[in-house]
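Asker: If you scroll down you'll find the structure; I have some questions about it.
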């Protein structure tokens, strides 16, 4: 069974600091997704990583994918309060019937302190 | 373009009652998914529709859950009778049939509380 482990579960950090969220998964997959969720809101797509070595950046967030290590990272640079949210990684699993579904990590609740 | 919408946003019911959740996907998206997040746990897949057909319902917890997508547009997820352990947030997502990267677009979720 595919497992996706995300850590840390909770992260409290000061504004201006850097930090990395890790997402490990247990089986082969070439596609990994990062989402952000604000309380009561939709999961907002942040990054779609489609191949080994993929790196994408948007503002203070940068995501990377190492399919050989089965690891993705979400790096936060110089955090600001607006980044406070819950972040999820998800791995795309193709089923034997040819359909696909996401397997999610547990989420990382990030709180950036002023 | 309107995103995925879900109704209601919150539902509080008593054990043994019936609740029906609705999801309207993005117009033109043939793939529709239901997921659930129970308190403190990860978001888990429930089932996947392609148009009106159930492609994969391996994540449905038991036969108290019934999902439908008549006409291939909106979908409903009925829980009957509801139990305490059904409490959680139910998310719906959609994607186009020929999406190049399998990216799914999520609704805001319905928070279900069973007392």
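The values are calculated or read from the model by the stated rules, or taken from the named source; none is laboratory data. Since the model is a prediction, treat every value here as computed from it, not as a measurement. Here Cβ is always computed from backbone atoms with ideal geometry, including for glycine, and neighbour counts include all displayed protein chains.
Asker: So which residues in segment A:28-42 are closer than 17 Å to residue B:101 by Cα and more than 10 Å from the chain's Cα centre (by Cα)?
Answerer: A:28, A:29, A:30, A:31, listed by residue number.
Asker: If you take the residues of segment B:52-75 that are touching a residue at least 40 places away in the same chain (Cβ under 8 Å) and surrounded by fewer than 20 Cβ atoms within 10 Å (Cβ to Cβ), which of them is farthest from the other protein chains (Cβ to nearest Cβ)?
Answerer: So the residue we want is B:73.
Asker: Would you confirm, using the coordinates I've provided, whether residue B:33 is within 8 Å of chain A (Cβ to nearest Cβ), closer than 21 Å to residue A:40 by Cβ, buried (at least 21 other Cβ atoms within 10 Å of the Cβ) and at pLDDT 95 or above?
Answerer: Yes, satisfied.
Asker: I've got another one for you. Only one residue in B:81, B:96 is over 14 Å from the mean Cα position of the chain (by Cα), touching a residue at least 40 places away in the same chain (Cβ under 8 Å) and under 11 Å from residue B:31 (Cβ atoms). Which one?
Answerer: Being over 14 Å from the mean Cα position of the chain (by Cα), touching a residue at least 40 places away in the same chain (Cβ under 8 Å) and under 11 Å from residue B:31 (Cβ atoms) holds for just one of B:81, B:96, which is B:96.
Asker: Checking residue A:7 against (1) in contact (Cβ under 8 Å) with a residue 40 or more places away in the chain; (2) farther than 23 Å from residue B:35 by Cβ; (3) within 14 Å of chain B (Cβ to nearest Cβ), which single condition isn't satisfied?
Answerer: (2)
Asker: Among (1) part of a strand (DSSP E or B); (2) in contact (Cβ under 8 Å) with a residue 24 or more places away in the chain, where does residue A:28 come up short?
Answerer: For residue A:28, the failing item is (1).
Asker: Another question, then. What number goes with the only condition from (1) within 10 Å of another protein chain (Cβ to nearest Cβ); (2) farther than 18 Å from residue B:9 by Cβ; (3) surrounded by fewer than 22 Cβ atoms within 10 Å (Cβ to Cβ) that residue B:81 does not pass?
Answerer: (1)
Asker: Which residues, taken from segment B:93-115, are away from chain A (no Cβ under 14 Å) and assigned to a loop (DSSP other than H, G, I, E, B)?
Answerer: Selection gives B:115 alone.
Asker: Kindly indicate whether residue B:90 is modelled with pLDDT of 90 or more, within 20 Å of residue A:4 (Cα to Cα) and more than 11 Å from every other protein chain (Cβ to nearest Cβ).
Answerer: The answer is yes for residue B:90.
Asker: Now for a different question. Looking at A:45, A:72, A:64, can you tell me which residue is within 14 Å of another protein chain (Cβ to nearest Cβ) and within 15 Å of the chain's Cα centre (by Cα)?
Answerer: A:45
Asker: Residue A:52 - would you say it is at pLDDT 95 or above and more than 14 Å from the chain's Cα centre (by Cα)?
Answerer: So residue A:52 does not fit the description; no.
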